[in-house]
Amino acid sequence: MSDTLVDARGLRCPLPVIRLAAAAKGLPAGTELTVLSTDPAAKLDVPAWCRMRGHEHVGTREHRAAAPEAGDEAWDGWAVTVRLG
Amino acid sequence: MSHATPGVPERVYLDNGGRAPWHPLARQAFEQALADGWADPRRLHAEGRRAARLLDGAREAIAAVLGARSQEVRFTPSHTATLHAAVASAAAARRRAGSAVVVGAVERAAVLHAATLAAGDTGPVPVDRLGRVDVDAMVAAVGAPGVALAALQHANGEVGTVQPVEAVHEAARAAAVPLLVDAGASVGHVAVPDAWDLLAADPADWGGPAGVGVLAVRQRVRTAPVGPEDEDPWAPGGVSVPLAFAAAVALQAVESDRVAQEARRRALVERVRAAVARIPDVEVVGDPDDRLPHVATFSFLYVDGEALVTELDRHGFAVGSGSACTASTLEPSHVLAAMGVLTHGNVRIALDRSTTADEVDRFCAVLPGAVAKVREMLGVGGL
């Protein structure tokens, strides 16, 4: 489970990565953050940001509003989790 | 003394990939062919025969540069049409061998879409961080049963990386699978390899006109027309003789001093890549050495690609971008995505043979400030 959730849904590139970087500022190494995004560029650019900044890309989970288990959490996009280096 | 209007910078066009200005000799050739070759080359009268002679001459000149025979060269309506038709008709001719079309992940969208239409979505062969196709995976895929066709570009027009076409062609030959090589970004800029069964080239990229494309098909390679019946299945209704003639003259012209232009532009691109690398938080993408001589691509962290293109345009510089916010689809470039490099804040330049060292230096001087300004607008200081 992530320590911090960054809701960047509805924002377009590069804003999801910027929101994530702002949330990560000052947090200790090892902290996990998850950014929620509806922008297809974010699922590519968050791992690239990790590589450029020395963080770890833990994983990416796809959300599908139409999925039967979606329930109240219905939205299309990605939840990308990182661990700060 | 200069009489340029103060405050109005001269335009510098650095987005020459796939649509470069016409070579001056191509314009002359076009004028000449309008006068002598306006008639339908399929007609039997004197005017028709004169047009047909110009078209034959154009085919011969292009064949000589591509290392093909004249009768192996076809004209099409565009580079996209070339790729669509090449994939569809080469795959159709091998229906009995199989239906799979093996493609690299950073092929032009026209190749990927044509492959999907012909064979369904089979998943392209991945590329590494530099954009080079995984040669072992491609060789294995080409050698698998049920493959109708393989397609690999000579070099990637977005990031410049040269692909291992020789190794893949060898594997394709061993498996008796024809290889389509998209040389649309390289013909006229670097030497063309002879490791192909079908070769696609793009006049609009080498300083010839748009509205005409080139496909060479080795005589031993079978193709099957896929559209409605037409006298010329590669260019239904016939090709424009003036456009084909201008394309051929442009290719001869750029080929005549290609080696010098290659070295000159390679040095300028080196200069750009080095200058860009000094700007904070940037990924300069593509192979640093084994690359096209005139293409440079880079992505800036925390930068909005659309804002940067607009800011550079305001300063008089026209550049391309593969960032999602610059595309109508909102999807970033599939090339950058497949490479796993940063897709936002992307800038792509392709130098024309008319691009000067002074223009490149001015671009390098303006770029850091433009990046800083866009970052400032987004308030990303200290991130």
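In table form, for the structure just shown:
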item	result
Inter-residue pairs, beta-carbon under 6 Å, first without any contact (Cβ under 8 Å) to a residue 40 or more places away in the chain and closer than 17 Å to A:P14 by Cβ and in segment B:306-319, second open to solvent by less than 20 Å² (accessible area, probe 1.4 Å) and not in a loop (DSSP other than H, G, I, E, B), 6+ apart	B:E306/B:C325
Unique match (being on the phi < 0 side of the Ramachandran plot and in contact with a Ser or Thr (Cβ under 6 Å, 6 or more places away or on another chain)) among B:H344, B:H294, B:H334, B:H315	B:H344
Hits in segment B:263-281 - residues which are touching a residue at least 60 places away in the same chain (Cβ under 8 Å) and in contact with a strand residue (DSSP E or B) (Cβ under 6 Å, 6 or more places away or on another chain)	B:V269, B:V272, B:V276
Residue match in segment B:18-25 (condition: in a helix (DSSP H, G or I), in contact with a helix residue (DSSP H, G or I) (Cβ under 7 Å, 6 or more places away or on another chain) and open to solvent by less than 40 Å² (accessible area, probe 1.4 Å))	no
Single condition B:D290 does not satisfy, out of (1) within 14 Å of chain A (Cβ to nearest Cβ); (2) open to solvent by 40 Å² or more (accessible area, probe 1.4 Å)	(1)
Residue in segment B:332-342 that is within 24 Å of B:R258 (Cβ to Cβ), among the small types (G, A, S), at pLDDT 95 or above and not assigned by TED's automatic domain parsing to the domain that holds B:A109 present	no
Subset tally (residues that are more than 14 Å from chain A (Cβ to nearest Cβ), under 18 Å from B:G160 (Cα atoms) and hydrophobic (A, V, I, L, M, F, W, C)) for segment B:311-355	4
Filter result for the condition that a residue is surrounded by fewer than 23 Cβ atoms within 10 Å (Cβ to Cβ), more than 14 Å from every other protein chain (Cβ to nearest Cβ) and touching a helix residue (DSSP H, G or I) at 6+ places or on another chain (Cβ under 6 Å), over B:A275, B:A296	B:A275
Residue, farthest from B:F245 (Cα to Cα), within segment B:39-55, restricted to residues that are open to solvent by 30 Å² or more (accessible area, probe 1.4 Å) and in a helix (DSSP H, G or I)	B:A46
Residues being touching a helix residue (DSSP H, G or I) at 6+ places or on another chain (Cβ under 8 Å) and either facing chain B (nearest Cβ under 9 Å) or part of a helix (DSSP H, G or I) (or both) - total across segment A:1-21	9
Selection count, segment B:207-221, where residues are open to solvent by 10 Å² or more (accessible area, probe 1.4 Å) and closer than 16 Å to B:G18 by Cα	2
Residue in segment B:67-89 that is free of Cβ contacts under 8 Å to residues at least 24 places away in the same chain, of a type in the set (G, A, S) and either open to solvent by less than 10 Å² (accessible area, probe 1.4 Å) or in a strand (DSSP E or B) (or both) present	no
Qualifying residue in segment B:286-294 (condition: outside any loop (DSSP other than H, G, I, E, B) and at pLDDT 95 or above)	yes
Residues (open to solvent by 40 Å² or more (accessible area, probe 1.4 Å) and under 22 Å from the mean Cα position of the chain (by Cα)) located in segment B:339-364	B:R348, B:R353, B:S354, B:T356
Total residues in segment A:22-56, condition of a type in the set (A, V, I, L, M, F, W, C), open to solvent by 10 Å² or more (accessible area, probe 1.4 Å) and within 7 Å of another protein chain (Cβ to nearest Cβ)	3
Of the criteria (1) of a type outside the set (V, I, T); (2) more than 21 Å from the chain's Cα centre (by Cα); (3) more than 17 Å from B:V239 (Cβ to Cβ), which one B:L55 fails	(3)
From B:V214, B:V181, B:V221, B:V168, residue being in a loop (DSSP other than H, G, I, E, B), hydrophobic (A, V, I, L, M, F, W, C) and outside the structural domain of B:R353 (by TED's automatic domain parsing)	B:V221
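The values are calculated or read from the model by the stated rules, or taken from the named source; none is laboratory data. Predicted, not measured: the structure shown is a model, and the values here were computed from it. No Cβ is skipped: glycine too gets one built from the backbone with ideal geometry, and neighbour counts run over all protein chains shown. The area values use the complete protein model at the heavy-atom level, side chains included, leaving out ligands, DNA and RNA. Shrake-Rupley method; radii C 1.70, N 1.55, O 1.52, S 1.80 Å.
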